[in-house]
Structure formats: structure tokens, C-alpha cells
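Below is one structure, written out as C-alpha cells; the observations come after it.
The values are calculated or read from the model by the stated rules, or taken from the named source; none is laboratory data. This one's a predicted model, so the numbers in the text were calculated from it and none came from an experiment. For neighbour counting, all protein chains shown are included, and Cβ atoms are generated from backbone atoms with ideal geometry for every residue, glycine included. Surface areas here come from the heavy atoms of the whole protein model, side chains and all, with no ligands, DNA or RNA. Shrake-Rupley method; radii C 1.70, N 1.55, O 1.52, S 1.80 Å.
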Amino acid sequence: MIGDMIRAIRACKTAAEERAVVRKECAAIRASINEDDQDYRHRNLAKLMFIQMLGYPTHFGQMECLKLIASAGFPEKRIGYLGLMLLLDERQEVLMLVTNSLKQDLNHSNQYIVGLALCALGNICSAEMARDLAPEVERLLQFRDPNIRKKAALCSIRIIKKVPALAENFINCAASLLKEKHHGVLITGVQLCADLCKVSSEALEYFRKKCTEGLVRTLRDIVNSPYSPEYDISGITDPYLHIRLLKLLRILGQGDADASDRMTDILAQVATKTESNKNAGNAILYECVETIMSIEDDGGLRVLAINILGKFLSNRDNNIRYVALNMLMRATTLDAQAVQRHRATILDCVKDSDASIRKRALDLLYLLVNDNNVKPLIKELIEYLEVSDQEFKGDLTAKICSLVEKFSSEKIWYIDQMLKVLSEAGNFVKDEVWHALIVVISNASDLHGYTVRALYRAFLTSTEQETLVRVAVWCIGEYGDMLVNNVGMLDIEDPITVTECDAVDAVEVAIKRHTSDLTTKAMALIALLKLSSRFPSYSERIKDIIVQNKGNVVLELQQRSIEFNRILQKHPKFRSALVERMPVLDEATFSGRRAGSLPTAISTSSGAPSNLPNGIAKPATAPIPDLLDLSSDDVPAPSSSGGDFLQDLLGVDLSPTPAPSGADMPPKASTDVLLDLLSIGMPLPVQTGLSASDILSSSQDDKAPFVNFNGLASLSSLSANATSPANAAPMMDLLDGRGPGPQKSEENGQAYPSLVAYESSSLRVMFNFSKQRGSPQTTLIQATFTNLSSNVYNDFLFQAAVPKFLQLHLDPASSNTLPASGDGSITQNLKVTNSQHGKKSLVMRVRIAYKTNNKDVLEERQINNFPQNL
């Protein structure tokens, strides 16, 4: 008996005991199936269904379902169809065998057997079964019994989802169901019409013209109907039918002004007459609001809907408030002014105890901020920032900083608000935010004194905020003399007395604070070096503080301490020029880099789709971002130092920059770019006005190593000779780890040496070069790919990108399968035409994709060590 099996399984104390019981029962069921025991077939299938629900395999009993379905009696068919729905799904091939039995049962004289067949078909119907049995289901939509019509409508929904082409067969039948008085049939008919509208534009137009008035009339009858205990829920007549009708009206009214106009009166009636003190009423109101927001309306109904959402925000139920906030976010795009009226309530939701409510309300408030209300809203948010939870401060701080930056009309207001944020939640401010603040401060020359004094006050009270300490230290280092001398006092400021000793003390606190990270301490050391020039009387004390870090376990701080100490001891003559104030940082350039809006170039080969043959690129019909991100052909003529190569490759301006007035320095050459090349990846974005030539010129007097005072990298290995044209090769060596290989001119009858373009532990790419006679600007390259691993590479694809002064053509590869362990190779020919032959060398970025062990692999490499005269 199945009851004995269930009791035995529930009595098991371990999973092993349960598996043993299940194995025993499955063995007994298999034996009964082999004996074709018809008396116990339905009991065996009932046991299998329970075992299936426990998660054990029961595929061996699938045929028993079909045998029971084929039985004549209702009890056997009921167990058979139940087993069919539990043990099989539409992907099983066995399901094809049951189609004929279903067709017979759909035409059975017993309406209960018809109901079983419809229920099973609605659950596991496949596309093939839908095509075969759709006529029977369509016929049953007109059946005399309402329960059969209801099940046929639900089954029809499954059929049109599986085969949308059959939708037109059900349009008329579905429309007739909308006139039903039985609520069960009516609600399924409404759902069938809604699904038909989604899959068939023809059905959508039909229902708009023929059924909109009837649906409005049905909804009005339900809204005005008297108390009916059969359908009443919380004093509302059949809220489920309410909601289904509103959803269908929403579909019909969306994008159609005539249909929307016919339903406006009933929507207003639903919105005003439905009680909101019950959950059922709130559900109807929400659907009504969503319908109003979706249809074509002149705005009067939208205001009513938004006011309903405003009432939702005062509800105690968090779910209701959350969905109201979501809907209001959508409403801001339709009628932002109406949403603005509920701004105070939304602001209260930002201070809610529920985390999801807070976050959603903050997102909504962010959308409501404009030039007129930004100042009071920012004031409220900053005040709440003081008492907000730690886990919410990150999101709140990010939104406040974004709004302040977006709507700041005055730099003093921007600086004031950012200082408040840094004081309250500086540890949650992202790096790019305080970087932008420093850029704004450097551009506000008339506010330098005011800013450094405000930061000094904030620093004294909020030393635990890391980002505030960084900005304060930077400003004290740059404008410490203004802090001490009270330069640029504004009327809104309170007088403050700060001595040189106080300024140095503040920076010393930042260095010695145990919570300060590497970036903060490095910035503080640079600030001290600058203050040694601003406050000559305290240079010895500053030197003592710097020397304390000579033995620091952090190499970066140790190096800075040693190098700064060397500057203070042996190079006082150029110290003032070395630590002069930062030049004004360009806000537009910083904003562009922050947004990633760098210029791009057109690539003719980087857009090859993976479904084309290997190496065959789709012709570019529109500009495509180049892999190299090279932007222009209009570059100056090459110099012997290789500066044009760096400008071409990195997109930087290497033109000589005049030295600062009054400084006895040699002209700055293109080696300034070496600072950028050597500083990649260092986490110290401190900046001053020092360039590479400043450092290099100083090393002519003393060969001691110096640090880049932008806080990025050391140039201890460079000498003053690096600026001379004779040392262009070392500059190339810094770019690629090696200088360009020896090259031989073909005009002299000699071939170019082979180049290992790319090599890793798993792949080697070799380039062989040749020239066409009479066409020196064209280079023929044969690429050879060798697999160094023990796995075969399938779907091998090679792509390449070049700057605009080059033209690249790729021939198809010899194969798309690369044998393992170097047993074979793939070759592919490339033709590169250099429009500036003799002026610029070849530059190329390659991308190699392949599949190994069913995993996709992508490798990229930039190649810039081609022979110079290619």
C-alpha cells in the first residue's frame, strides 16, 4: 500500500535509509510492471509519483501512465493523467504516443474525462500536440458546461503560446467568452483575449474595435454590483476579475487614443470608488493606476493616479509603498510636475527603516531634482547623511555627490556641499569624486584661501574621514601660505588664526595617523616638501618629519622620504621651482577622460564577426572604434627622438612646453611622456607641476635618483642624456621591453628578419615580411600560428586592427583547427599599406580567439616593434 511506503520513508532517520527504502520500492514496482499486473498498476503509479516528488528517477514508469490513460474507467484515467503531468514534460518523446488518447478523451461523452484531458493538455502541451488538437479545444470553447469552457480557455492560452500562428482560430471564440455571466469563464476568457493581443496584432485590432465597449460595460457592472457573497472578498466583488479586466483594457488602450477615450470614465470611477483600507482594494487601485499610466490620456487622469500613489506612500505596508515608488519613477517621465507635489513624502521615505524603501525612494528623489529645488533637497539629504545607517551611506553619498556636481551653478556652493559630504561620509566618497573636487578647487583661483581654511577647520574635527584628509593635505601643501596669511578672506567667513607651525602639525598628523593609507601618507609627504619652500623657517622640522620615514617598511614611502631628503639637503637652488603650485587643471579634459569620451578611429578589420571564415572581415560601412584608439593622421613630422611614434601610439601631445618663467631650465623635450609610461598602475594620483625634464635637468648636477612628484613613479634609472635624440632607442625599449630589431632594406637585395609577434605558454605567432617590387609602401606579412599546448584549438580566429594611416587586408587562414604540441601550424597572409611610409612605422593590435576543451579563449597583444622602414 502507498500509505505503508510513505510511513516507511518518513520513519527513515538518514538519507541512506531513505535511499534503501526507495530502492526496495522501485524494485517491487519494476517487478510488478514486468508481470503486467493490472490490479496494482494505479497503486504503483501513485507510489512513483510520490517517489518523483522526493527527487528520485522514475522514468521506468512512464509507459504505465499511457496504459492507465488508455483504460476505460475514470479512476484509472485520473491517476494516468496525473502521472502524465508529473512524470513527463513536453520534451519527452514518449509524449507523442498519448496524442491519440487525448484526442479520444476530448471527444468523450463523459464531461469529467474531457476535463481531465483538457487539464493535462494545458500543462504539457507541445507544439506538435497543439497543432493536432487545436480544433478539438476550439470546439470545446462552446461546450454546454461552464467548467469545460473555462478549462478549454486555459488550454487555448497554452496552445497560442506554443504556436502563435493558431491565434487567429481562437479570436471569435475568445470574444464570445467576454459575454459570459459566469465569473470563472469570464476571467479565463479575459486572460485568453489578453494573450491573443500579445501574439497577434490582428487580434489586438479586432478586440479594440469590437470588444472595448463591452469590457467597459462589464467592469462598470462589477464596480456597481450589490453585495454578492459568492464573489465577495473584503467587501469588494471579485477583485481578481477587476484586475484582469483592467489589464486587458491597458493592452487595448496603449497606443490607441480612441480606445483610451472610451475607457477614461470607468477608470476614473474605479479610482474614486474603490476603498483603499483593504489589501484587495489596494491591488485594484494599483492596477488602475498602471492602466492610466499606460493609455493615451490628456493628463487629468494621470494627476488622479499620481495622487493615489502619493496616498500609497503613507501606507504602513512596505510592499504597497515599494510598488508606489516604482510606479512614481515611471510617472516622472510622463508628468514630473505632479510627482513633485509628493516630494516631501518621498523624502520621508528616504529616511525609512526599510533598506529597500530607502534605496528606491533615493532613486526616485534623484530623478526629481532640478535647478529650482536642488539646494533645499541637498540640504535635507546632507542632514540625513549625519544619522543614516552605515550600509546606506555609500548609496546616499554617491547620489549627493552626483547631484551637487550636476546642478552646481556656483563653485563656492559646490565646494561647500562637497566639504560637508567629506566631513560626514568621506570614507564612502569614490576616488573620481574627490579628484573632481581638486580640479574645481584648482580652477577657482579666487576661492583658494577660502577653501584651504574651510578644509583646515574640517580636518581638525573629522580626521577619521580618509578622503577629507587627502583633499585637506593637498590644499595645505598647495595653498599653505594663504592659510597662514588669511589671503582672500570672504565676508561669510569667520576669522581664523593659523600659524606655520599649525599647518605643519596638521600634515604631520596625517602622516602619523595609524588609519592613514599609503595614498594619504604619500600625499602628506609631498605636501611637506612643498611647505618646506612655503615656510623656510620650518624646513628643518619638515626635514626631520620626512627623515622619520627613511626606514618605513613600505617601499614607496621609504623611497619618497630618501629622495625628498636629498632634495632638501643638496638641491635647495631649484627646490622652489620644483615644488611650485600646480598649474590650473583643465576641467573639460578631466570630465572627458572621466566619462571615457576619448576620440576613436576607424578600423577596417576589427569588426570581423565570428561566424565568417577565419580572417575574412566584414567590410566596415560605418566608423568602428579602433582597438588602438588612434584618433588622427594629422601629426607633426617625426623627430629623431621617436616622439611621433609615442604620439601615434598613445594619443598624447609631445610638443615642447615652455619652461616656467624665471626658472633656469633646459627646454622640455618629448620625454615627459616617460613619466606617464612608467607610472601606469600606481595608486597615487597626487599631482604637481613637475615634468620629466625638470627632474632630468636636475640630475645633470647630481646623479642621485629622483621621484616623480606627481606621486606616480621613480625615474632613478634615467639621466639627462635621455632627452637627446641619440637615445631614442631606450625610449622604444621602455614601451615594449626591447628596442626594434636590426632591419635590412630590401632595396639592397636583403630580406627582413622574422619577428616573434606574440608568444605565451600556449601559443606562438611568427611574422615573416616581404615587399612588392615597385611598391615600397606595401608590406606582405605571412603570419604563422603554432600551438604550444597539448590541447587542440578549434574555431581559430585571427583579427587585427591598425591606425588610420595604415590599410590592412587579411586573406583567409589555411585552417581553423590548430593541432596540439606544435605538430602543425596555421598560416595567414596580411597585406599592409603604409600611407606615410618613411615617416611612421607599422603599428598593429591583434586579437586571437579559439576554443579548447569546450572553453572560449581570447588573447590580445599590441605589436609595435616592427622594423622601422616598413
Could you figure out which of (1) on the phi > 0 side of the Ramachandran plot; (2) not assigned by the TED database to the domain that holds Leu810 isn't true of Gln868?
(1)
Asn169: open to solvent by 30 Å² or more (accessible area, probe 1.4 Å) and in contact with a Gly (Cβ under 8 Å, 6 or more places away or on another chain), yes or no?
no
Return the pair list, or none, for Cβ contacts closer than 8 Å from residues in region 855-870 that are modelled with pLDDT under 85 to residues that are surrounded by fewer than 16 Cβ atoms within 10 Å (Cβ to Cβ) and of a type in the set (D, E, K, R), at least 6 apart or on different chains.
Asn864/Asp736; Asn865/Asp736; Asn865/Arg738
Consider region 64-93. How many of its residues are in a loop (DSSP other than H, G, I, E, B), hydrophobic (A, V, I, L, M, F, W, C) and open to solvent by 30 Å² or more (accessible area, probe 1.4 Å)?
2
So Met96 passes all but one of these: (1) open to solvent by 30 Å² or more (accessible area, probe 1.4 Å); (2) within 30 Å of Asn147 (Cβ to Cβ); (3) at pLDDT 90 or above. Which condition number does it fail?
(3)
Whether any residue in region 466-480 is crowded, with 20+ Cβ neighbours inside 10 Å, farther than 18 Å from Leu585 by Cα, over 40 Å from the mean Cα position of the chain (by Cα) and not charged (D, E, K, R) is what I want to check.
yes
If we ask which residues in region 119-135 are under 15 Å from Ile160 (Cβ atoms) and buried (at least 20 other Cβ atoms within 10 Å of the Cβ), their number turns out to be 6
So which helices (runs of 4 or more DSSP H) stay within region 262-361 end to end and still have 2 or more residues that are of a type in the set (Val, Ile, Thr)?
279-294, 300-312, 318-331, 343-350
Condition first: open to solvent by less than 20 Å² (accessible area, probe 1.4 Å) and over 27 Å from Leu121 (Cα atoms). Can you find one or more residues in region 15-23 that meet it?
yes
Which condition number in (1) in the same structural domain as Val843 (by the TED database); (2) at pLDDT below 80 is the one that Gly741 fails?
(1)
Can you tell me which residue is nearest to the chain's Cα centre (by Cα) among those in region 284-327 that are among the hydroxyl-bearing types (Ser, Thr, Tyr) and open to solvent by 40 Å² or more (accessible area, probe 1.4 Å)?
Tyr322
